1. Too long at a 31 Å Cα-Cα cut-off: which of K290/K449; K78/K268; K331/K385?
2. What does the C-alpha gyration tensor say about the overall shape of segment 369-414? Classify as rounded when a/c is under 1.5, otherwise prolate if a/b is larger than b/c, or oblate.
3. Rank V373, P478, G543 by how far each Cα sits towards the positive end of the charge dipole of segment 362-566 (+1 on Lys, Arg Cβ; -1 on Asp, Glu Cβ) and give me just the farthest.
4. Any idea what the dipole of the chain comes to, in debye rounded to 20, about its Cα centre with Lys/Arg Cβ at +1 and Asp/Glu Cβ at -1?
5. On a full-extension model of 0.36 nm per residue, what is the gain between E136 and Q263, subtracting their alpha-carbon distance, rounded to one decimal in nm?
6. For a quick check of your reading of the filter: which trypsin sites (Lys or Arg not before Pro) in segment 250-309 sit in a DSSP loop and have no more than 12 other Cβ atoms within 10 Å?
7. Say each of A157 and D216 gets a label point 7 Å from the Cα, pointing the same way as Cα to Cβ; how far apart are those two points in nm?
8. State the antiparallel share, in %, of DSSP beta bridges confined to segment 362-566, rounding to the nearest 5.
Amino acid sequence: MTATHVRIIFNNNEHLNMCCIKYFSPSVLLPDTLPQRFPSPFSNIPHSVAQFAALELQRLLSNPVAWSHDFAAPAGGKMFGVLVVRDADGRIGYLSAFSGMLAGEWCLPGFVPPIFDQQMLDAFLPDGEARLYEYEMQLDELECSPELMELNEQIDALQQQRDVEISLLVASHQERKTRRKHLRSSLNSSPESKAQLIKLSFESQQDKRERRVLQDEWCNRLATIEEPLAHIESQIIALKRARSQLSNRLHRQVFKAYRLTNQLGEEKTVSAFFETRLPPGGTGDCAAPKLLQYAHQQRLTPLAMAEFWWGASPDDGIRHHGNYYPACRGKCHLILPFMLKGMAVMPRMMTSQVFSDDSAPEIVYEDDELLVVNKPSGLLSVPGKETRDSVQERLRQRYPEHDVMLVHRLDMSTSGLLLVAKQRVIHKALQRQFIERTVEKRYVAVLSKRLPELTQDGAAFDGGSIELPLRVDIDDRPRQIVCDTYGKRALTRWQVIKRGKQTTHVYFYPHTGRTHQLRIHAAHQDGLDAPIYGDELYGESVGRLLLHAERLCFDHPVSLRRIEMIIPVPF
């Protein structure tokens, strides 16, 4: 935690007296367009009235004169939200909010305020920040001290000298050892030979003693430097531990100042939802909880909500300018249900096709050892947290006499070829082919925009490779993000099939099998910067995901013949 994360620059109570509602004209909004129940904030597509409000806010954001913040700058993008509300007089309008800070400010005119309690923070935060600053100064003084630098230089020089002397001695001993070995091979059982063997054994012991003596001498020499160095390093470790403990304590206290409410009049702090761990940074600062909090405090009736990204995409994740996104799971999944208590809320709606055909999946190849099936879009590969229905469960019901196991998986929204083993030994053999990357896979995808025909250098832009390391977004599962530090290597080869007016058909050849790899590599700004059509996580929720595992090629683990399977693209 640093001061910039928690610095408050306005008075909440004063802001609450300011009207943040922008009212709609009665001639624009018809009553029958309003939802009967509040749409879930975790749904992928907002209600039309919320989208209407979002467009109003986007028109304001499009005015560059009104903003000191450059949304188009790298890392300049920001998540915004709108909440359509009804006031006590029955008038309809909307509230606006941004996540976190905007242009270095927690509060800007026309936007609802943050949730935290200013007075609570003032009671402990300035002193806590001052103590953190003292720790920073002490650490900086120790870590940059001339004494520490000199000790490190001395110990580095001595260690290099020690390594040279010991290496020379070891090389000398090795030569003597080789000589002794040669002499021993030439000796016999005569008394002279026995005496020579005793002498050689003594020399061997002498070499060992000489090496131990040299190592002990160097240990003693280094100890004179290591002792004062260890004393300084122990001070640094103690300061860092104290700083971390204070930071964690302040972190918890800060989140106790976030007092969430609902329409039942209940109140809870953010910390109450994370009793066993610290809340993720920024919890309570997203647009959705800000909007609901203000509506509850002003006794407004929430009707519908929308959150959208505005500006440049972040470096690690995928957010596209103007696209709508559901509330995040890591920060909002626990707190929003509490804030929605007392309201009639619609269940979460997903745009992904849910496949209910009991005859799926279609078997496209079968023998005594394995199956190849055509998974439809909308059917899970394996059971999930909320449903057991999946390719694996359906196949196990069809083949109760076999130990059916999927060798690999496809995302729920992806269709195409899946390889299935009927026996554990076959499963293991097929999995090894995936590990050794001898399995050939080809996907067909429709990208949501037309790729340029030439690169900036004038070369043909018809194919290539994308390598972006991936890891799960721990604050917003199951989304994945690009991470150079902790991400796992992910490599995809791609090739243009054809270009349309606003789309591009491509082949994808994944060389690794990371979660959402093709979807990320298509959508990320350092990939193709063109989300796959229908990608509700990384693009726009419009129909099914147009991604299909068209070709699968592998070695049969029993017959050893090469099998190639191709299934037509259903879109």
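1. Violating the 31 Å Cα-Cα cut-off are K290/K449.
2. In terms of gyration-tensor shape, oblate.
3. V373
4. Using Cβ point charges on Lys, Arg, Asp and Glu, the chain gives about 1700 debye.
5. Taking 0.36 nm per residue and subtracting the Cα distance, the gain is 41.4 nm.
6. Sparse-neighbourhood loop trypsin sites (Lys or Arg not before Pro): R277, R299.
7. 2.7
8. 95
Each reported figure results from applying straightforward, stated rules to the coordinates on display, with no laboratory input. Note that the coordinates shown come from a computational prediction; the quantities given were computed from them, not determined experimentally. When we count neighbours, we look across all protein chains shown, and the Cβ atoms used for this are built from the backbone with ideal geometry, even at glycine.
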